1. Quick check: is even one residue across region 112-123 touching a residue at least 60 places away in the same chain (Cβ under 8 Å), surrounded by 14 or more Cβ atoms within 10 Å (Cβ to Cβ), under 29 Å from Asn32 (Cα atoms) and among the basic types (Lys, Arg)?
2. Do we find a residue being among the hydroxyl-bearing types (Ser, Thr, Tyr) and touching a helix residue (DSSP H, G or I) at 6+ places or on another chain (Cβ under 9 Å) anywhere in region 156-166?
3. Can you name every residue in region 79-109 that is among the hydroxyl-bearing types (Ser, Thr, Tyr) and crowded, with 17+ Cβ neighbours inside 10 Å?
4. Checking the condition assigned to a helix (DSSP H, G or I) and touching an Asp or Glu at 6+ places or on another chain (Cβ under 7 Å), which residue from Gly77, Gly102, Gly159 passes?
5. Given Leu71, Leu29, Leu14, Leu67, which one is touching a helix residue (DSSP H, G or I) at 6+ places or on another chain (Cβ under 8 Å) and either among the aliphatic types (A, V, I, L, M) or closer than 29 Å to Leu145 by Cα (or both)?
Amino acid sequence: MTPDHGGVIGLAGLTAIAVIALDQITKILARNATSAGGVDVVGGWLRIVDVRNSGVAFGQLSGAGFLVALLVAIALGALGWYFLHHLGTPLIWVPTGLVFGGAVGNIVDRVRAGAVTDFIKLPHWPAFNLADAAITVGVVVLLILVELDARRQRKMEAGDAARDNS
């Protein structure tokens, strides 16, 4: 591992820690704010609620604690493997830190309370939290970076082939 790779790992770690901290702080604030019921933030468009989710996205697999833990462990293991084998990919630390931080933020809730606190409620959409948003944004950014890296690799290979043919 080069010193530069250590910096990439450190940035991913700092991003994850920031996401975990913000997630846990916002969940505490939301639970305190909603002790007497939901709170309208933006008249009917955004509401702060207190929903407990023992499943994964949209309440799927509710009550299947071991299966949820296994799926999260597999997903984080796969992401960690990909990250460590692609440390040279520009900005790879961003989605890795977002996804790891979001996942750990929700794991903290599962360990502490047996369910994840979801509190952001938009019309016609299930409640979610900052960790969920970080995971979603992280996955989207990761997909974009993977595609951009694949395009970069193809360009480099095409350039190498052109030089070999000349």
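Here, each number is a calculation from the coordinates, and none is a lab measurement. These figures come from a predicted structure and were not determined experimentally. Heads up, the Cβs are rebuilt from the backbone with ideal geometry, glycines too, and the neighbour counts pull from every protein chain shown.
1. Of all residues in region 112-123, those touching a residue at least 60 places away in the same chain (Cβ under 8 Å) come to 113-123.
Okay, now just the ones that are also surrounded by 14 or more Cβ atoms within 10 Å (Cβ to Cβ), so 115-121.
Right, trim to under 29 Å from Asn32 (Cα atoms) and you get 115-121.
When the remaining residues are screened for being among the basic types (Lys, Arg), the result is 121.
Yes, some residue in region 112-123 is touching a residue at least 60 places away in the same chain (Cβ under 8 Å), surrounded by 14 or more Cβ atoms within 10 Å (Cβ to Cβ), under 29 Å from Asn32 (Cα atoms) and among the basic types (Lys, Arg).
2. Of the residues in region 156-166, the ones among the hydroxyl-bearing types (Ser, Thr, Tyr) are 166.
Filter once more, so that each one left must be touching a helix residue (DSSP H, G or I) at 6+ places or on another chain (Cβ under 9 Å): none.
No, every residue in region 156-166 fails to be among the hydroxyl-bearing types (Ser, Thr, Tyr) and touching a helix residue (DSSP H, G or I) at 6+ places or on another chain (Cβ under 9 Å).
3. Of the residues in region 79-109, the ones among the hydroxyl-bearing types (Ser, Thr, Tyr) are 82, 89, 96.
Thr89, Thr96 - these are the residues of region 79-109 that are among the hydroxyl-bearing types (Ser, Thr, Tyr) and crowded, with 17+ Cβ neighbours inside 10 Å.
4. Values: Gly77 fails: touching an Asp or Glu at 6+ places or on another chain (Cβ under 7 Å); Gly159 fails: touching an Asp or Glu at 6+ places or on another chain (Cβ under 7 Å).
So the residue among Gly77, Gly102, Gly159 that is assigned to a helix (DSSP H, G or I) and touching an Asp or Glu at 6+ places or on another chain (Cβ under 7 Å) is Gly102.
5. On the way: Leu71 fails: touching a helix residue (DSSP H, G or I) at 6+ places or on another chain (Cβ under 8 Å); Leu29 fails: touching a helix residue (DSSP H, G or I) at 6+ places or on another chain (Cβ under 8 Å); Leu67 fails: touching a helix residue (DSSP H, G or I) at 6+ places or on another chain (Cβ under 8 Å).
Testing whether each residue is touching a helix residue (DSSP H, G or I) at 6+ places or on another chain (Cβ under 8 Å) and either among the aliphatic types (A, V, I, L, M) or closer than 29 Å to Leu145 by Cα (or both) leaves just Leu14.
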